[in-house]
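Report on one structure; see the data block that follows.
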Amino acid sequence: MAAAAQKQGPAPEAQSEIPAVSLSRLTKSDFQPEEYLKETLKTVQEKNIRQFRKALEDARKVASKNLQKNVYKNYESFVFISKEISGMERDMQLLRELLLNINQVGDDLMDEDEQSIMDAEEPGGRVAALGRRRTMRMSMANQQDMFKDQLTKVWRTIRDAQRFVPFAPNRHVVGDVRNISELSPSTMQTRQKVDIVVLSDMLLLAVRKKRGNYAQTILVAERSFLLSDVTVADVSDSSRAGNMVKIVNRAETFLFGFKSTEAKNEFLMLIGHAKAGIFGAEPPSMPPSLPPPLPNAARPGAVPVRSTRSRQSASGADDDQESMAEGLRSRIDEMLDALDIHIARREFTDATTLVQRLKRQVAESPKPAAAVLRAIDTHIAELSRLILTDLLIPCSPRKQVAANVSLLHQLGWDKEAKEAFLASRSATIKNRTRQLKLEGNTRLYIRELAIVYFRLIRNTCEWYSEFFADPTMISALIAWVRQEMAGYAVIFRRHVFHEMQKFQVIASCLNHTLAEVDILGHAGLDLKFMLDQEFFPDLTGCIRSFEGRCLALLTKAVAGDSLSVASKISTASNENAARLFGAQIPIVASVSKLDEVLTDFGNELRFIVRDSLYGQVVASVLSIIEGVLKQFLTVLRKGSNTHAQELALLVSTQAVVSWVVPRSAAHLDRIFGRT
């Protein structure tokens, strides 16, 4: 037993030891966590396992602190090395592009030499080459006109584009990609939205900017690059990048993100086409519809030289006419170019004057070309749309509005000018209305609202009669006035009628409105009938609503009445009541309450006295009286009252007819001045 005890003695002591954390094993590249734990914790107790875990956590914290210190210590080196790597990558990409371009230029030169040798060896090759060159010159002239039109369109579409992309021979638009996100290379955050126009030798970046405080955006040129100086790289294979492209321009690096892979591929394809055109692209092939010219001897039915000269002398007049037409065409082209510049600079007055000169030039020409007429109409439409955009800006001064309307009149856009002017005035009223503050005082708010609305309406009418002298356009002004009156009625109704204001407040708001409408009447525009039409349904609705509240109050009073004589009324001023009841009329509390309610009803309605409302007022008074009498009849039919209560109720009913009704009629006569 002692021997057994000696053998088992050291086991608990061995199990109680805490395993040491072996950092050398943890840092090995082929470290296996499961195997390490199995070997280390095979015979360890639970208490020691927890301590081992704590030791592991301490070791992790120490390692993390050491790593952080090393990062801080070597941060400058990391940054310097990363910049060096980025610069080397940029230089390598630029070198690769230059080598490819040099190889392409060499291949193209060799192809041209071989083609010239083959043309010289063929019979008639020199003449055929001359014919091809002549055809090439004709096609190149047409191509230059097309390139010029493309640049003009870019100048018109993008502000300040002409400053970044001036005119140059053979410069043309290859394509454009819109709605690209310019990203920060360090944070990958979006800086702004841009459009990129790829030209034959340049890249133009245009930024989308809001115009003023409105949602309309315009394109403004921000920078441009020579295509030969930039390197374009697809960085979508990076782990942080999606559909991104990097553009390196010497020491600058720009990163752009695309919405989809298709948009990115389209941009890269446009860049490839543009660079192929710069670095030795093949010359434009001859149109298939034009066969190569043949020498005179090889043409079927060739004409001798003398007959050709006589034909040339006979067609001298035709040549003169063609030269005159060509001169007119060149002058019109120059004027159209000047018009593009004026439009791009937003010099609308000079542009309109130039349009008038263009129209006179076209009118003087015997047969203007259809293409010229279309070009002039396109320029007029673009100029007019820009002027309309300025005219639509609210709160513009009168001088600016008058100038824009006059320019549109000269361009023949009177109808559009009228619609834009009225729309801008509506926007002005809306903006001024939104500046008003409602701070609980409904009367003050309605007063300021009426001043804003009706004085701007008066100013608009004065301006309209000055700007548009055509009598056929007056109907549009009347329709606009009715529309603005309806808008004022909507705001008035929301703040006055829907809020269940007192009749005194309603009357005060109506008086403020009528005071401003009278000012319009002095200017020759009477709108009182429009106000009556707008507010009559609301006023009758208020009267009916007040009638309902009075009936509810009287119903509650009848239900709580004890049907005993509450007071006696003198009949000295009423002969009919005196004959029926004598000197005094005994009445219950409900009849006294009815008389009080009808008196208050009349006193409230005196603030909104209108002849058009008289019928509704009388109907409401009769409805209140009828409702009380029906309540009395319902109480009598129950049969649960004493004879004294029934007698008092019958006497009170007669008192309503003989005393309350005449008093109410006399009160309404004093308010409305009619029987």
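Does segment 413-437 hold any residues that are surrounded by 18 or more Cβ atoms within 10 Å (Cβ to Cβ) and β-branched (Val, Ile, Thr), and which are they?
Filtering segment 413-437 for residues surrounded by 18 or more Cβ atoms within 10 Å (Cβ to Cβ) gives 413, 417-418, 420-422, 424-425, 428-429, 432.
Listed by number, the residues that qualify are Thr428, Ile429.
If I filter segment 390-406 down to residues being within 20 Å of the chain's Cα centre (by Cα) and closer than 20 Å to Thr353 by Cβ, which single residue comes out as least open to solvent (accessible area, probe 1.4 Å)?
For segment 390-406, the residue satisfying everything is Leu391.
Six or more apart or on different chains, Cβ under 6 Å: which pairs go from a residue in segment 432-445 that's touching a residue at least 24 places away in the same chain (Cβ under 8 Å) to one that's assigned to a loop (DSSP other than H, G, I, E, B)? Could you list them?
Pairs that qualify, where the first residue is touching a residue at least 24 places away in the same chain (Cβ under 8 Å) and the partner is assigned to a loop (DSSP other than H, G, I, E, B), are Tyr445/Leu438.
Suppose the filter is at pLDDT below 85 and closer than 26 Å to Ile543 by Cα; does Leu650 pass it?
Numbers: at pLDDT below 85: yes; closer than 26 Å to Ile543 by Cα: no.
Judged against the criteria, Leu650 is not a match.
Looking at segment 184-202, I want the residues that are closer than 18 Å to Glu252 by Cβ and have a partner that is surrounded by fewer than 20 Cβ atoms within 10 Å (Cβ to Cβ) and among the basic types (Lys, Arg) with Cβ atoms under 8 Å, at least 6 apart or on another chain. Which pairs are those?
Qualifying pairs under 8 Å: Ser184/Arg191; Met188/Arg240; Gln192/Arg208; Val194/Arg208; Met202/Arg171.
Answer with yes or no whether Thr135 is in a helix (DSSP H, G or I), open to solvent by less than 80 Å² (accessible area, probe 1.4 Å) and at pLDDT 85 or above.
On the way: in a helix (DSSP H, G or I): yes; open to solvent by less than 80 Å² (accessible area, probe 1.4 Å): yes; at pLDDT 85 or above: no.
For Thr135, the condition - in a helix (DSSP H, G or I), open to solvent by less than 80 Å² (accessible area, probe 1.4 Å) and at pLDDT 85 or above - is not met.
Between Val79, Val71, Val44, Val62, which is under 28 Å from Leu255 (Cα atoms), among the β-branched types (Val, Ile, Thr) and either touching a helix residue (DSSP H, G or I) at 6+ places or on another chain (Cβ under 6 Å) or modelled with pLDDT of 75 or more (or both)? Show your work before the answer.
Details: Val79 fails: either touching a helix residue (DSSP H, G or I) at 6+ places or on another chain (Cβ under 6 Å) or modelled with pLDDT of 75 or more (or both); Val44 fails: under 28 Å from Leu255 (Cα atoms); Val62 fails: under 28 Å from Leu255 (Cα atoms).
The match here is Val71.
Which one of the conditions (1) within 28 Å of the chain's Cα centre (by Cα); (2) in a helix (DSSP H, G or I); (3) over 18 Å from Gly521 (Cα atoms) does Ile457 fail to meet, given that it meets all the rest?
Result: Ile457 fails condition (3) only.
Restricting to segment 542-563, name every residue that is exposed (fewer than 13 other Cβ atoms within 10 Å of the Cβ) and assigned to a loop (DSSP other than H, G, I, E, B).
Matches in segment 542-563: Gly560, Ser562.
Take Ser640 and decide whether it is at pLDDT below 80, over 60 Å from the mean Cα position of the chain (by Cα) and either surrounded by fewer than 18 Cβ atoms within 10 Å (Cβ to Cβ) or under 30 Å from Asn511 (Cβ atoms) (or both).
Working: at pLDDT below 80: yes; over 60 Å from the mean Cα position of the chain (by Cα): yes; either surrounded by fewer than 18 Cβ atoms within 10 Å (Cβ to Cβ) or under 30 Å from Asn511 (Cβ atoms) (or both): yes.
Yes.
From the list Ala648, Ala644, Ala655, Ala619, pick out the single residue that is in contact with a strand residue (DSSP E or B) (Cβ under 6 Å, 6 or more places away or on another chain) and not polar (S, T, N, Q). Steps first, please.
Values: Ala648 fails: in contact with a strand residue (DSSP E or B) (Cβ under 6 Å, 6 or more places away or on another chain); Ala644 fails: in contact with a strand residue (DSSP E or B) (Cβ under 6 Å, 6 or more places away or on another chain); Ala619 fails: in contact with a strand residue (DSSP E or B) (Cβ under 6 Å, 6 or more places away or on another chain).
Going through Ala648, Ala644, Ala655, Ala619 in turn, the sole match is Ala655.
Take Arg374 and tell me if it is over 30 Å from Ser465 (Cβ atoms) and either part of a helix (DSSP H, G or I) or without any contact (Cβ under 8 Å) to a residue 40 or more places away in the chain (or both).
For Arg374, the condition - over 30 Å from Ser465 (Cβ atoms) and either part of a helix (DSSP H, G or I) or without any contact (Cβ under 8 Å) to a residue 40 or more places away in the chain (or both) - is met.
Can you name every residue in segment 643-675 that is under 19 Å from Thr599 (Cβ atoms), hydroxyl-bearing (Ser, Thr, Tyr) and open to solvent by less than 50 Å² (accessible area, probe 1.4 Å)?
Ser652, Ser658, Ser664
Residue by residue through segment 183-198, note down the ones that are under 18 Å from Lys209 (Cα atoms) and surrounded by 13 or more Cβ atoms within 10 Å (Cβ to Cβ).
Of segment 183-198, the ones under 18 Å from Lys209 (Cα atoms) are 183, 190-197.
The answer is Leu183, Arg191, Gln192, Lys193, Val194, Asp195, Ile196, Val197.
Across segment 151-205, which residue is nearest to the chain's Cα centre (by Cα) among those that are polar (S, T, N, Q) and part of a helix (DSSP H, G or I)? It would help to see each step written out before you state the result.
Going residue by residue through segment 151-205, those that are polar (S, T, N, Q) are 152, 157, 162, 170, 179, 181, 184, 186-187, 189-190, 192, 200.
Of the ones still in play, those that are also part of a helix (DSSP H, G or I) are 152, 157, 162.
Values: Thr152: 27, Thr157: 19, Gln162: 27 Å.
Only one residue tops the list, namely Thr157.
Regarding Ala129, is this residue at pLDDT below 85 and open to solvent by less than 50 Å² (accessible area, probe 1.4 Å)? Quick ask: steps written out before the conclusion?
Working: at pLDDT below 85: yes; open to solvent by less than 50 Å² (accessible area, probe 1.4 Å): yes.
So Ala129 fits the description; yes.
For Cys395, work out the one condition from (1) in a helix (DSSP H, G or I); (2) on the phi > 0 side of the Ramachandran plot it doesn't fulfil.
Only one criterion in (1) in a helix (DSSP H, G or I); (2) on the phi > 0 side of the Ramachandran plot is unmet by Cys395, namely (1).
Inspect segment 214-223 for any residue being part of a strand (DSSP E or B), at pLDDT below 90 and crowded, with 17+ Cβ neighbours inside 10 Å and give the result as yes or no.
Taking every residue of segment 214-223 in turn, at least one turns out to be part of a strand (DSSP E or B), at pLDDT below 90 and crowded, with 17+ Cβ neighbours inside 10 Å.
Specify the residue that is farthest from Ser200 (Cα to Cα); the eligible residues are those in segment 146-182 that are open to solvent by less than 60 Å² (accessible area, probe 1.4 Å) and charged (D, E, K, R).
Checking each candidate, the answer is Glu182.
Return the total of residues in segment 633-675 being closer than 12 Å to Gly602 by Cβ and small (Gly, Ala, Ser). Walk me through it before giving the result.
The initial filter retains those residues of segment 633-675 that are closer than 12 Å to Gly602 by Cβ, namely 663-672.
Filter again for small (Gly, Ala, Ser), leaving 664-666.
Residues flagged as closer than 12 Å to Gly602 by Cβ and small (Gly, Ala, Ser) within segment 633-675 amount to 3.
Is there a residue in segment 512-534 that is in contact (Cβ under 8 Å) with a residue 60 or more places away in the chain, over 30 Å from Gln410 (Cβ atoms) and small (Gly, Ala, Ser)?
yes
The values are calculated or read from the model by the stated rules, or taken from the named source; none is laboratory data. Predicted model only: the values in this text are computed from it and were never measured. With ideal geometry, Cβ positions are generated from the backbone for all residues, glycine too; neighbour counts draw on all protein chains shown. Ligands, DNA and RNA are excluded from the accessible area calculation, which covers all protein heavy atoms including side chains. Shrake-Rupley method; radii C 1.70, N 1.55, O 1.52, S 1.80 Å.
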